[in-house]
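Asker: Quick one: the structure is below, questions incoming.
Derivation of every value follows stated rules applied to the coordinates shown; laboratory data play no part. All values reported here derive from a predicted model rather than from experimental measurement. As a convention, Cβ positions derive from the backbone with ideal geometry for all residues, glycine included, and neighbour counts pool all protein chains shown.
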């Protein structure tokens, strides 16, 4: 899969959103993580992700699922 240049995938997952910085509005991606199982079922969604500790949180969830 290549880049989502047309934002189709981002829009389907609901992460292409209107943002605001210093009073200016623009469109961008909301940093999110989706845990998707082998059948394509979304098992967990993390929105507005902060980097610190996030990988460990996702790994813990994966281990609990299997």
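Asker: Could you list all residues from region 48-59 that are without any contact (Cβ under 8 Å) to a residue 12 or more places away in the chain and surrounded by 10 or more Cβ atoms within 10 Å (Cβ to Cβ)?
Answerer: 55, 57, 59
Asker: Also, quick follow-up: What's the total number of residues in region 1-37 that are in a loop (DSSP other than H, G, I, E, B) and either under 30 Å from residue 64 (Cβ atoms) or in contact with a helix residue (DSSP H, G or I) (Cβ under 8 Å, 6 or more places away or on another chain) (or both)?
Answerer: Qualifying residue count, region 1-37: 8.
Asker: Scan region 18-35 residue by residue and report those that are surrounded by 10 or more Cβ atoms within 10 Å (Cβ to Cβ) and farther than 24 Å from residue 61 by Cβ. Even if it seems obvious, please write down each step before you answer.
Answerer: At the first step, the residues of region 18-35 found to be surrounded by 10 or more Cβ atoms within 10 Å (Cβ to Cβ) are 19, 27-35.
Passing the criteria: 19, 27, 28.
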